[in-house]
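Okay, structure first, notes after.
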């Protein structure tokens with residue numbers, strides 16, 4: 001008598017492929033990976049080799065190469081054959097520039113940035129708050145030797161920058177505490193402010209004088225002086241600042257630069273239809 005054999009079908013767990021949703025957050029894995037590659041390339045103007053990019057993103061070399069090929073077709077990345085390195089492409093710039101254009105005050109701010117640069121001989125910057133971080137929209141470079149703190153489109157923590165502290169000074173203590181809890185207070189240099197009590201003392205000074213100073217708190221050798229540009233509701237719309245080497249932005253120059261930056265910020269506020277808040281009273 002022939003014995004029947006029952007064969008059980010073994011169901012293997014289905015892997016999530018690049019084009020399928022990632023069940024954890026509803027996102028699409030391939031999109032997330034492609035954007036991670038673009039963000040990584042944006043970190044370094046020198047570009048990345050394929051193997052280095054794979055290490056930085058935590059993806060396999062084959063996956064990175066496949067995604068780069070697709071991004072290159074759409075001009076979001078480009079390959080430098082001489083250096084065998086990948087860079088951000090023109091289309092990434094075009095898409096990213098929409099962010100600055102949407103802030104329709106950027107063009108109107110340019111003459112004031114030039115004025116700031118010419119009066120101080122330092123690099124003039126325009127920045128906004130985005131997702132509790134400072135992002136630089138545009139800048140006019142100094143004619144002097146300059147090492148930029150962050151490039152256009154770059155982000156910096158609010159608690160670790162002059163422009164960020166200028167905005168924080170307009171917030172309530174409760175809101176500032178919330179940002180500290182979410183961001184922490186990173187020690188970027190030996191002069192970084194890492195205690196909340198010290199930050200709150202600094203914010204009181206900023207409120208009185210109308211401008212903020214980054215005294216080598218984000219990068220040694222660099223100082224920044226910043227003031228807020230206000231909206232028609234007397235809320236922070238943007239910040240303008242000057243930045244330069246400590247050898248040029250000396251202790252003696254700080255009050256003078258602060259007065260210039262504060263004055264130009266007030267002028268730009270009025271041009272944009274904004275309203276300056278009442279002067280801080282001790």
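The values are calculated or read from the model by the stated rules, or taken from the named source; none is laboratory data. These numbers come from a predicted model, not from an experiment. FYI the Cβ positions are ideal-geometry reconstructions off the backbone, even for glycines, and counts take in every protein chain you see.
Going by the conditions given, is residue 33 surrounded by 13 or more Cβ atoms within 10 Å (Cβ to Cβ), at pLDDT 75 or above and farther than 30 Å from residue 265 by Cα? The answer is yes for residue 33.
For the range 165-179, a residue qualifies if it is without any contact (Cβ under 8 Å) to a residue 60 or more places away in the chain and within 17 Å of the chain's Cα centre (by Cα), and the qualifying residues are 168, 179. From the list 274, 258, the one residue that fits, being more than 18 Å from residue 108 (Cβ to Cβ) and either crowded, with 20+ Cβ neighbours inside 10 Å or in contact (Cβ under 8 Å) with a residue 24 or more places away in the chain (or both), is 258. Restricting the range 50-60 to residues that are part of a helix (DSSP H, G or I) and either under 26 Å from the mean Cα position of the chain (by Cα) or modelled with pLDDT of 90 or more (or both), the residue that is surrounded by the most Cβ atoms within 10 Å (Cβ to Cβ) is 53. The residues in the range 243-259 that are at pLDDT below 95 and not in a loop (DSSP other than H, G, I, E, B) can be counted, and the count is 3.
Listed here are the residues, each with its yes/no results for (1) in contact with a helix residue (DSSP H, G or I) (Cβ under 8 Å, 6 or more places away or on another chain); (2) at pLDDT 95 or above.
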site: 156; (1), (2): yes, no
site: 164; (1), (2): yes, no
site: 179; (1), (2): yes, no
site: 195; (1), (2): no, no
site: 203; (1), (2): yes, yes
site: 206; (1), (2): yes, yes
site: 219; (1), (2): no, no
site: 232; (1), (2): no, no
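Residue under question is residue 135, and the condition is that it be surrounded by 17 or more Cβ atoms within 10 Å (Cβ to Cβ) and assigned to a helix (DSSP H, G or I); does it hold? So residue 135 does not fit the description; no. The single condition among (1) closer than 19 Å to residue 137 by Cβ; (2) in a helix (DSSP H, G or I); (3) modelled with pLDDT under 85; (4) in contact with a strand residue (DSSP E or B) (Cβ under 9 Å, 6 or more places away or on another chain) that residue 45 does not meet is (2). Among the conditions (1) on the phi > 0 side of the Ramachandran plot; (2) in contact with a strand residue (DSSP E or B) (Cβ under 9 Å, 6 or more places away or on another chain), the only one that residue 206 does not satisfy is (1).
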